[in-house]
1. Run residue 323 past the list (1) over 21 Å from the mean Cα position of the chain (by Cα); (2) assigned to a strand (DSSP E or B); (3) under 20 Å from residue 158 (Cβ atoms) and report the number of the one that doesn't hold.
2. Being of a type outside the set (Gly, Ala, Ser) and crowded, with 17+ Cβ neighbours inside 10 Å is the filter here; which residues of segment 360-372 pass it?
3. Go through segment 367-411 residue by residue and tally those that are touching a Cys at 6+ places or on another chain (Cβ under 8 Å) and more than 14 Å from residue 143 (Cβ to Cβ).
4. Hey, among 46, 29, 60, 39, which residue is among the aliphatic types (A, V, I, L, M), crowded, with 20+ Cβ neighbours inside 10 Å and either part of a loop (DSSP other than H, G, I, E, B) or modelled with pLDDT of 95 or more (or both)?
5. Please verify whether segment 174-183 includes one or more residues that are in contact with a helix residue (DSSP H, G or I) (Cβ under 8 Å, 6 or more places away or on another chain), assigned by TED's automatic domain parsing to the domain that holds residue 258 and crowded, with 21+ Cβ neighbours inside 10 Å.
6. Residues of segment 203-233 being in contact (Cβ under 8 Å) with a residue 24 or more places away in the chain and of a type in the set (Ser, Thr, Tyr), which ones?
7. If you take just the strands (runs of 3 or more DSSP E) that sit entirely in segment 334-416, which of them hold at least 2 residues that are in contact (Cβ under 8 Å) with a residue 60 or more places away in the chain, of a type in the set (Phe, Trp, Tyr) and within 30 Å of residue 258 (Cα to Cα)?
8. Can you tell me how many residues within segment 217-253 are of a type in the set (Gly, Ala, Ser), buried (at least 19 other Cβ atoms within 10 Å of the Cβ) and closer than 19 Å to residue 291 by Cβ?
Amino acid sequence: MKLALICCIFLLMAALSARATEDPLAKIATDPRCARGLAWIEKNSAWVTDQQIRLTEIPAPEFEEARRGEALKELFAAGGFHVRTDKTGNVIAERAGSDPKGVILLAAHLDTVFPAGTDVGVKKNGNRLSAPGISDNGVGLAALAGLARALSESAIRTTKTIVLAGDVGEEGEGNLRGIRALVEGYGCRLAAVIAVDGPSTDHITTQGIASRRLEVSVSGPGGHSWSDFGEPNPITAIARGIVRFSSFSVPEDPRSSYNFGIIEGGTSVNSIPSRSAVKIDLRSENETELGRLETALREAMRGGVQDELSATHAPSDALQLNYRSLGARPAGKLPDDSPLLATIRNVDRFMENRSRLERSSTDANIPLSLGIPAVALGGGGKGAGSHTLDEWYDPTGRELGLKRLFLTVVALAGAE
């Protein structure tokens, strides 16, 4: 009996050794140092979830990410990283490699789409955690905190420098200012960029969707709702333009979209407003199609103003139409033969994780548009309802996402 057990153990060790010889990922994973990091992830998933709850409950509206950034800074420092905050507001943690010329950057955005005053308290119902921002991007931030600790526990040294960053300005009108500053700061040293965004492990985002965000405003004389009835109304002009544009044909290929997200204007129910404005998000897989969308939007808004002027018999200069750019995200695509993609594919194969290539608008847009290898990956677990008050997250399976990131980073940075 003992002899049979010894034989089984010997055969298992031989099989693992053979797999490590054939599969470079198996060789990395069976390295005692990496094994320590993976074991830490396996044992401390609950700790990572606790940090996610803590970070989510710190409000971080657009342009107000500092408090959440400070909390993340503490977590990075506890992982033994050299930590700093740059002038843009990014929290940057560095783990130096032996080659100062190579940098692997992982970034997770600190900000949320929710305005100040939103209740971000996390509610628990079994395994489900509910709160605005719990998935987008509480998952990504917690994943970086867990990755920092796992790398510290592994004590592995790498050739390339590993940089973890909580960056600002990914959502809304932030115009990706955080990742722009990071890419500009590290420049040609960047060997690869991974945006950690959301939970999903079943996709690899290799294409950045182009977008343009604009504010269209209409100004007029205003007046009293009774005594000045018949004067042109900026709100009505905006509404007419929206209706016109909504009939515009949006192609399925290249996939494109538009959204009227915020409408504002007026001072009281019995006043004709002197100004009204609408904020619009335009997206497309193709820059040319995106330009066509914007042209159609401008024509529709001009038509809406003309319709309002004609309906009220007002002079042509009674309403003024203005446009303001709120930001633009460039498109980009990772080549199918990229070593970065090959590495992630190898990790997925080793972990028996099935994934598909996907396209989206993330922090990866900026490096991709500049020809820097970049992708967006999830931090593990499950979630849905992003950008709504009903957003939720389930940490079941979180370990897969964390191990996937850990092995990808070590493989890219090169274990010494």
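1. (3)
2. Initially, segment 360-372 is screened for residues of a type outside the set (Gly, Ala, Ser), giving 362-363, 365-368, 370, 372.
Of everything in segment 360-372, those that are of a type outside the set (Gly, Ala, Ser) and crowded, with 17+ Cβ neighbours inside 10 Å turn out to be 362, 363, 365, 366, 367, 368, 372.
3. Residues meeting the conditions: 1.
4. Values: 46 fails: crowded, with 20+ Cβ neighbours inside 10 Å; 29 fails: either part of a loop (DSSP other than H, G, I, E, B) or modelled with pLDDT of 95 or more (or both); 39 fails: crowded, with 20+ Cβ neighbours inside 10 Å.
60 is the lone residue from the list that is among the aliphatic types (A, V, I, L, M), crowded, with 20+ Cβ neighbours inside 10 Å and either part of a loop (DSSP other than H, G, I, E, B) or modelled with pLDDT of 95 or more (or both).
5. Within segment 174-183, the subset in contact with a helix residue (DSSP H, G or I) (Cβ under 8 Å, 6 or more places away or on another chain) is 176, 179-180, 183.
Those still in the list that are assigned by TED's automatic domain parsing to the domain that holds residue 258 too: none.
There is no residue in segment 174-183 that is in contact with a helix residue (DSSP H, G or I) (Cβ under 8 Å, 6 or more places away or on another chain), assigned by TED's automatic domain parsing to the domain that holds residue 258 and crowded, with 21+ Cβ neighbours inside 10 Å.
6. Once the filter is applied, which keeps residues that are in contact (Cβ under 8 Å) with a residue 24 or more places away in the chain and of a type in the set (Ser, Thr, Tyr), segment 203-233 yields 205, 206, 211, 217, 219, 225.
7. Details: elements: 356-360, 374-377, 382-384, 392-394.
It comes to 392-394.
8. Narrowing segment 217-253 to residues of a type in the set (Gly, Ala, Ser): 217, 219-220, 222-223, 225, 227, 230, 237, 239, 241, 246-247, 249.
So of that shortlist, the ones also buried (at least 19 other Cβ atoms within 10 Å of the Cβ) come out as 217, 220, 237, 241.
Subsequent filtering for residues that are closer than 19 Å to residue 291 by Cβ retains 241.
Number satisfying all stated conditions: 1.
The values are calculated or read from the model by the stated rules, or taken from the named source; none is laboratory data. From a predicted model like this one, the values you see are computed outputs, not experimental measurements. Virtual Cβ from ideal backbone geometry, glycine too; neighbours counted across all protein chains shown.
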